[in-house]
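Novice: For reference, the structure I am asking about is given below.
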Amino acid sequence: MKTLANHTLIYDEDCPLCQAYTSTFVKTGMLDSDGRKSYSATVTNAPEFLDIELAKNEIALVDTDRRTVTYGIDSLLTVIGHSFPLIKKIGYLSPVHYLLKKLYSFISYNRKVIIPARISETTAGCEPAFNYRYRIAYILTATLLTSLILHRYSQYVPMPQGGYVREFLLAAGQIVFQLIFMMKQGREKAVNYIGNLMTVSFGGSLLLLPILIINKFVQLPNDVFLGWFLVVATLMFIEHRRRVKLLAMPGILTYSWILYRFLFLILLFR
């Protein structure tokens with residue numbers, strides 16, 4: 001790899017994805033050994049040309065020689081493009097750059113609901129600004145994809161069959177039901193929780209995919225589908241409870257989450 005010298009990425013140390021790709025840049029030689037620095041280690045002595053608030057939302061790449069900064073997808077294209085010029089050229093094509101910028105923002109503004117982290121009281125946190133547009137887009141995307149996978153999976157579970165719309169309404173109904181117990185928490189906290197809720201749901205649906213894939217090659221008995229579904233539901237319960245505690249949300253949210261599922265099953269089998 002061709003090393004981009006005299007450049008430093010300012011990354012969110014509480015974001016596993018940010019840690020992974022910045023570490024990869026250093027290990028592969030795309031950046032030198034001092035080519036990344038955590039946000040908390042930077043903010044206390046930040047150069048005057050670095051916008052520390054923008055750096056929370058979009059990863060900053062500091063050119064220490066020219067004393068300039070690029071942010072977000074432009075930072076990544078600069079690092080990757082130094083070793084792979086063709087990728088940079090393609091990335092800066094107008095429609096491609098527009099889509100990459102939107103995708104980057106979609107992930108960056110939602111990274112704390114994809115993988116939440118406890119806010120440190122001793123170090124400066126790299127918490128992105130709360131963006132309703134990207135948060136709602138994330139919740140809707142997760143709901144649609146979760147519904148699609150559950151619709152496919154439900155065909156192999158011994159229960160009354162329904163269409164994709166039923167699965168979507170089930171997921172959407174869960175959101176409305178949980179919001180009842182978040183009424184006193186404020187709008188931002190409620191939407192933040194719903195983002196975490198849908199991450200748990202989407203993560204659970206992804207865990208169902210391996211069984212669906214295996215079944216394409218080896219026909220599995222319905223008991224396997226049901227058994228694995230129960231395992232996944234248990235893992236989802238554990239993860240939901242962990243997130244509720246991590247975010248200092250009311251503990252009742254975990255039990256209302258279970259209650260909704262039971263109420264749905266009762267209506268389904270009437």
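Novice: When Lys and Arg each count +1 and Asp and Glu each count -1, what net charge do the other residues less than 10 Å away from C126, Cβ to Cβ, add up to? Show your work: numbers first, answer last.
Specialist: Numbers: positive: K56, R111, K112; negative: D12, E13, D14, E127.
With Lys, Arg at +1 and Asp, Glu at -1, the net is -1.
Novice: On the full set of protein chains, 1.4 Å probe, figure out the accessible area of L54 and give it in Å² to the nearest 10.
Specialist: Number for this one is 50 Å².
Novice: Under a cut-off of 24 Å between alpha-carbon atoms, report the lysines in cross-link reach of K112, not counting same-chain residues fewer than 8 places apart.
Specialist: K37, K56, K101, K102, K184, K189, K245
Novice: Using only the alpha carbons, work out the radius of gyration and Dmax of segment 1-55 in angstrom.
Specialist: According to the Cα coordinates of segment 1-55, Rg and Dmax are 11.4, 32 Å.
Novice: When only alpha-carbon atoms count, how far does segment 165-269 stretch along each of its three principal axes, as whole angstroms with the largest first?
Specialist: Projected onto its principal axes, the Cα set of segment 165-269 covers 49, 30, 20 Å.
Novice: With all distinct Cα pairs included, what does the Kirkwood hydrodynamic radius of segment 30-81 come out to in Å, to one decimal, could you say? It would help to have the intermediate numbers written out before the result.
Specialist: On the way: mean 1/r = 0.0875 Å⁻¹.
Evaluated on segment 30-81, it is 11.4 Å.
Novice: Still on this structure: In whole percent, what relative contact order does the chain give with Cα contacts below 8 Å and a gap of six or more residues? Mind dumping the intermediate values first?
Specialist: Working: 298 pairs, mean separation 41.4, N = 270.
With pairs under 8 Å counted, the relative contact order is 15 percent.
Novice: Follow-up. Above 15 Å lies some portion of the pair distances; for segment 231-270, what is it as a whole percent of all C-alpha pairs? Can you show the working numbers first?
Specialist: Numbers: 363 of 780 pairs.
It works out to 47 percent of all Cα pairs.
Novice: Now for a separate question. Are there cysteines in the chain with no second cysteine's Cβ under 4.7 Å away, and if so, which?
Specialist: C126 - these cysteines have no disulfide-compatible partner (Cβ-Cβ under 4.7 Å) in the chain.
Novice: What range in the chain is the longest one free of GluC sites (Glu not before Pro) that are in a loop by DSSP and have at most 15 other Cβ atoms within 10 angstrom? Walk me through the numbers on the way to the answer.
Specialist: Details: sites that count: E48, E53, E121.
Longest site-free region, per DSSP loop and neighbour criteria: 122-270.
Novice: May I pose another question? For segment 58-210, what does the alpha-carbon gyration tensor say about shape, rounded, prolate or oblate, given a ≥ b ≥ c as the root eigenvalues, a/c under 1.5 as rounded, and a/b over b/c as prolate?
Specialist: Working: a/c = 2.83, a/b = 1.61, b/c = 1.76.
In terms of gyration-tensor shape, oblate.
Novice: Build a GNM of the chain with springs between Cα atoms under 10 Å: which of I258, I139, I194 gets the top mean-square fluctuation?
Specialist: I258
Novice: Each label point is 7 Å from the Cα along the Cα-to-Cβ direction; what then is the distance between the points at Q19 and F264, in nm?
Specialist: Spacing of the two 7 Å Cα→Cβ label points: 3.2 nm.
Novice: Between the DSSP loop rule and a limit of at most 10 other Cβ atoms within 10 Å, which trypsin sites (Lys or Arg not before Pro) in segment 39-69 are left?
Specialist: Details: sites: K56, R66, R67; in loops: R66, R67.
Counting only loop positions with at most 10 other Cβ atoms within 10 Å, the trypsin sites (Lys or Arg not before Pro) in segment 39-69 are R66.
Novice: If you filter segment 1-94 for chymotrypsin sites (Phe, Trp or Tyr not before Pro), then keep DSSP loop positions with at most 15 other Cβ within 10 Å, what is left? Mind showing how you got there, number by number?
Specialist: Values: sites: Y11, Y21, F25, Y39, F49, Y71, Y92; in loops: F49, Y92.
Counting only loop positions with at most 15 other Cβ atoms within 10 Å, the chymotrypsin sites (Phe, Trp or Tyr not before Pro) in segment 1-94 are F49, Y92.
Novice: So who's got an amide H within less than 5 Å of the one on L31, skipping anything under 5 residues away but keeping other chains? H placed 1.01 Å off N, in plane.
Specialist: Close amide H contacts, sequence-distant or interchain: L4, V26.
Novice: Determine the principal axes of the Cα atoms in the chain, then give the extent along each, sorted from largest to smallest and rounded to whole angstroms.
Specialist: Rounded to whole Å, the extents work out to 71, 48, 31 Å.
Novice: Hey, another quick one. Pairwise over distinct Cα atoms, reciprocal of the mean inverse distance: report the Kirkwood radius of segment 184-237 in Å, one decimal place.
Specialist: 12.8 Å
Novice: Please compute the length gained on full extension between Q185 and V231, using 0.36 nm multiplied by the number of residues separating them and subtracting their Cα-Cα distance. Could the numbers behind the result be given before it?
Specialist: Details: separation 46, 0.36 × 46 = 16.56 nm, distance 3.13 nm.
Gain on stretching Q185 to V231: 13.4 nm.
Novice: Averaging sequence separations of C-alpha pairs under 8 Å and six or more residues apart, then dividing by the length of segment 183-265, give the relative contact order as a whole percent.
Specialist: Working: 26 pairs, mean separation 21.9, N = 83.
That works out to 26 percent.
Novice: Largest first, how would M183, M249, M1 line up by accessible area (1.4 Å probe)? If you can, show how the numbers build up before the last one.
Specialist: Details: M183 150, M249 20, M1 130 Å².
Ranked from most to least accessible, the order is M183, M1, M249.
Novice: Another question, if that's okay. Can you bin every Cα-Cα distance in segment 1-115 into 5 Å intervals starting at zero and give me the percent of pairs per bin, rounded to whole numbers?
Specialist: With 5 Å bins starting at 0, P(r) equals 2, 12, 22, 25, 22, 13, 3, 0.
Novice: How long is the gain from K102 to A46 if the chain were fully straight, where each residue apart is worth 0.36 nm and the alpha carbon distance is subtracted?
Specialist: Net length gain for the segment: 17.4 nm.
The values are calculated or read from the model by the stated rules, or taken from the named source; none is laboratory data. Since we're looking at a predicted model, the values are computed, not measured. Methodologically, a virtual Cβ is constructed for each residue, glycine included, from the backbone with ideal geometry; neighbour enumeration extends over all protein chains shown. With ligands, DNA and RNA removed, areas are computed over all heavy atoms of the protein, side chains included. Shrake-Rupley method; radii C 1.70, N 1.55, O 1.52, S 1.80 Å.
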